[in-house]
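One structure below.
The values are calculated or read from the model by the stated rules, or taken from the named source; none is laboratory data. Please read these numbers as outputs of a predicted model, since none were measured by experiment. Here the Cβ is made from the backbone with ideal geometry for all residues, glycine too, and neighbour counts use every protein chain on show.
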């Protein structure tokens, strides 16, 4: 039945505040453990998300684990994310304590990328 679906989403929910460099390595390895058997059985479009850097996204797509990667939180802090990725520019750090609060703080007050 899984091959009949045109799109599949395999989500994991975790507490971002618990992530550090060691646990992120574990999360990436766990993601590959989950994605490998899904990709082996599913031939449709597979889109990953949650915590990918631009480099990790490129690697996952190049390796055939995913067809695309969606970016959520990085877009909140970097409305110009595609331009930043293309230029190899640093990303603004997100302000999670200001997510889903009224007003522009945490949404429209990030400094824009200046390619000059």
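Descriptive notes on the structure:
- Summed over region 92-106, residues that are assigned to a helix (DSSP H, G or I) and either at positive phi or in contact (Cβ under 8 Å) with a residue 12 or more places away in the chain (or both) total 1.
- Summed over region 45-74, the residues that are out of contact with any strand residue (DSSP E or B) (no Cβ under 8 Å at 6 or more places or on another chain), part of a loop (DSSP other than H, G, I, E, B) and surrounded by 13 or more Cβ atoms within 10 Å (Cβ to Cβ) give a count of 4.
- Single unsatisfied condition, residue 100 versus (1) at pLDDT below 85; (2) under 11 Å from residue 54 (Cα atoms): (2)
- Residue under evaluation residue 109, criteria (1) assigned to a loop (DSSP other than H, G, I, E, B); (2) closer than 27 Å to residue 36 by Cβ, criterion not met: (2)
- Check on residue 83, farther than 20 Å from residue 51 by Cβ, outside the structural domain of residue 46 (by TED's automatic domain parsing), touching a residue at least 12 places away in the same chain (Cβ under 8 Å) and surrounded by 12 or more Cβ atoms within 10 Å (Cβ to Cβ): yes
- Only one of the listed residues (89, 115) is in a loop (DSSP other than H, G, I, E, B), modelled with pLDDT of 85 or more, surrounded by fewer than 16 Cβ atoms within 10 Å (Cβ to Cβ) and in contact with a helix residue (DSSP H, G or I) (Cβ under 8 Å, 6 or more places away or on another chain). That residue is 89.
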